[in-house]
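Read the figures in this text as sums done on the coordinates, not as results from a lab. Please read these numbers as outputs of a predicted model, since none were measured by experiment.
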Amino acid sequence: MRMSDIIQKKRDGLPLSDREIKFFIDGYTSGEIPDYQASALCMAIYFRGMSDAETVTLTKCMANSGDTLDLSRFGDLTSDKHSTGGVGDKTTLVVAPIVASLGGYVTKMSGRGLGHTGGTADKLESIPGYRLSLSEDEFIKTAEKTGIAVISQTGNLTPADKKLYALRDVTATIESIPLLTSSIMSKKLAAGAKNIVLDVKYGSGAFMKTAEDAGILAETMVKIGKSCGRNVTAVLTNMDIPLGSNIGNALEVKEAVRVIQGKQNDELSEVCFTLAAEMVSQVRKIPSEEARTLVTDSVSNGSAFEKMKEWIAAQGGDANCLSNTDLLPSAPLKHPVISDKTNYITGTDAQLIGHAAMILGAGRASKEDVIDPSAGIVMNKKPGDFVKEGDIICTLHTSSPENIPAAEAEIRKAVIFGDKPPEPRPLIYKIIK
Ligand code: URA
């Protein structure tokens, strides 16, 4: 078999056989197929697409390109969630303990943030002592003991995706539905959970800018995940504005604690409880409405928060920081951004706010950058609020005073004013099962 023939076939719009897809993934992972041929095939897939059968094969080959986790000892009770990425998205910190308090085993590999988007791994690492790196044995034992184990991605999982994702990033082939689907779902398959809830974001701060495009991706991922033997539900959620008030690692842990303690009732808590209900519905095989009642009970009776402390302590973190969040890293500088207008706020662009948080030290411009766990932004006002000149719109937290002017300039671009409050926008657009 020759790679040039495979490229030509896809270029001409013909379907690839299972053998051809396996030849490509095996050869590219081992280094026998060079980047230039893999790039050409990705571009051909971008323009010609793939059938569901081809996408299933591609996803399975990528999932099997490295180690896979065997979670069969937990039966059908394992639960994983994936967010396609956003700003202020701290939902895993809230959702995992709720689901574990209701009998699920939440086993998860979380990524780090890059650019304007944050990553759960960085948020957890802002808790002093938390260990993101566990051996497979420790990972399983932690999950057995507490019902939760969340670590950073390990070296040997889906090496095909690691190479392909980096290649797609620089060849303008990220936004291809079969390539996106196989990238995301191969990691979920390899990570082993039987039940998967996908939080597919759409809007200015998300990868998919429109609900329609996010819907096509979500439908495909659900279909492909089911064909690979997993229960998959996708929830389409809005990411035009940051999720919740706090952006930045330790700041987001603080806000997650407020939500799990039932002290915050807003868009963030709504997204968290919806995702948790879908996960509990899968694990316990009950309708979502029934699961939602269990979720809110777990929050109001304190069992979700107890589970959160148990989990953090089991992974070496200082659970006192959750009982008293003032013990979490705190930035030495807190700079208020003052409104120079009197009017309604009609929007707070998530991408620009995420970028401002990155400038303050909360995120990375490139993979090698070191982040400041205490840096970030607290939004004091949100869309729909009427603001007077002199009011504080948000507060910038940082250790680097020299970065404040650039971050403030991004915030001023991000906050849009108007004479009328904005039209309500759907927070949860659709749930696909
Ligand atoms: N996230 C992934 O895991 N893969 C992609 O291709 C894009 C986003």
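Quick notes
- Tail fraction, Cα-Cα pairs, segment 175-287, threshold 24 Å, whole percent: 33 percent
- Every Cα-Cα pair of segment 312-375 was included, and the share exceeding 15 Å stands at 70 percent.
- Start at zero, step by 10 Å, and the Cα-Cα distances of segment 3-49 spread as 30, 61, 10 percent across the bins.
- Kirkwood hydrodynamic radius over Cα pairs of segment 271-334, then Stokes diffusion coefficient at 25 °C and 0.890 mPa s, in µm²/s: 181 µm²/s
- Considering only beta bridges that DSSP places wholly inside the chain, some 50 percent are antiparallel.
- Rounded to the nearest 10 degrees, the inclination of helix 136-146 to the longest alpha-carbon principal axis of the chain is 50 degrees.
- Size of the chain as Cα extents on the principal axes (Å, biggest first): 69, 44, 38
- GNM remark for the chain: springs join alpha carbons under 10 Å apart, and the peak mean-square fluctuation among ILE45, ILE247, ILE224 falls on ILE45.
- With Cα atoms, 0 to 90° folded angle of helix 267-284 axis to the chain main axis: 40 degrees
- Based on alpha-carbon atoms, the Kirkwood radius and the radius of gyration of segment 241-293 give Rg/Rh equal to 1.06.
- Over segment 329-418, equivalent-ellipsoid semi-axes from the Cα gyration tensor in Å: 24, 13, 10
- For HIS82, the amide hydrogen comes within under 5 Å of the amide hydrogens of VAL197, LEU198, ASP199, counting only partners 5 or more places away or on other chains and with H modelled in the peptide plane.
- DSSP finds beta bridges in segment 72-323, and of those with both partners inside it, around 5 percent are antiparallel.
- A convex hull fitted around the alpha carbon atoms of segment 72-323 yields 114 Å³ per residue.
- In whole percents, the pair-distance distribution calculated for segment 47-190 from its alpha-carbon pairs, binned every 10 Å from zero, is 10, 37, 36, 14, 1.
- Angle between the chain longest axis and helix 303-314 axis [Cα atoms, degrees, rounded to 10]: 70 degrees
- Taken over segment 144-211, lysine pairs spaced eight or more positions apart, or on distinct chains, with alpha carbons under 18 Å apart number 6.
- Note on the chain: with a GNM built from Cα contacts shorter than 10 Å, the maximum mean-square fluctuation among GLU410, GLU402, GLU368 falls on GLU368.
- Between the C-alpha center of segment 174-250 and that of segment 366-399 there is a gap of 26 Å.
- Springs join every pair of Cα atoms under 10 Å in this Gaussian network model of the chain, and among PRO97, PRO422, PRO336 the largest mean-square fluctuation is at PRO422.
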